[in-house]
Each structure stands twice: as structure tokens, then as C-alpha cells.
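Below you'll find the structure, written out as C-alpha cells, and then a few comments.
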Amino acid sequence: MSDFKPKLGSFAPYMEYMQRDRKAELSPRPVSPLTLLEILTRQVQQTLPMPDLQTLGGMEPARYREALKSLRDAGYISIEGPPLEEVVKLTELGAGVARLARPA
């Protein structure tokens, strides 16, 4: 075994492949408005303060606002409370949609 010498340059491509593969595993899955519904369904009260939901959802602020607007307009969530203390609540309709969107 002491005579074994790897072919020059054979290990570097393997390591590059492994790094790409590892980055693919670590890259976040795409987030969507349904992601926010799923996060709310996991909460005991099915409600979260607005900043906490954004953090857990991992969305950029503009995309987060758009997602909240579309979910509220569809009747899947309600937003309650004074400015800067607003909480996002999952509605019955939103809970039903989140249930249907889960993979079987």
C-alpha cells in the first residue's frame, strides 16, 4: 500500500463536486406565501408578531410585504394590533389551505 500514489489532479475535481453538493444541501428552499401559512400552523395560537414571522420565513422585506398582502386579500390571514405591535393570525380558511398544501 505504501506504493499507492493517487493520479495527479484526480482529487481536486472530487472535492469540487463535494463542495457543490454540500452547498446545494445548505441552500435554502424557496419560500412562498404558503411557507408563511405553514409557519403559522406550527404555532400553538396560530399567530405570531409580524417581525417574528418575517424572520422565520426568511423573506426579504419587499417579498414579505407582498406575501402578507396576498394572504390577507385571500382571507388566509388577518393582521391585528396597533402599528409596530401587529400580529399575524391564521384564519380557518388559511389553516385549511395549509393542510391541503402539505405533501402527502
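Of the residues that make up segment 49-56, is at least one in a loop (DSSP other than H, G, I, E, B), within 17 Å of A95 (Cα to Cα) and free of Cβ contacts under 8 Å to residues at least 60 places away in the same chain?
As a first pass, look at segment 49-56 and keep what is in a loop (DSSP other than H, G, I, E, B): none.
No: segment 49-56 contains no residue that is in a loop (DSSP other than H, G, I, E, B), within 17 Å of A95 (Cα to Cα) and free of Cβ contacts under 8 Å to residues at least 60 places away in the same chain.
For (1) at pLDDT 90 or above; (2) surrounded by 13 or more Cβ atoms within 10 Å (Cβ to Cβ), each residue gets a yes or a no:
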site	(1), (2)
F4	no, no
F11	no, no
Y17	no, no
R20	no, no
V31	no, yes
L36	yes, yes
T41	yes, yes
V87	yes, yes
R102	no, no
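If you go through segment 57-85, how many residues are assigned to a helix (DSSP H, G or I), surrounded by fewer than 13 Cβ atoms within 10 Å (Cβ to Cβ) and of a type in the set (D, E)?
Number satisfying all stated conditions: 1.
The values are calculated or read from the model by the stated rules, or taken from the named source; none is laboratory data. Please read these numbers as outputs of a predicted model, since none were measured by experiment. Here Cβ is always computed from backbone atoms with ideal geometry, including for glycine, and neighbour counts include all displayed protein chains.
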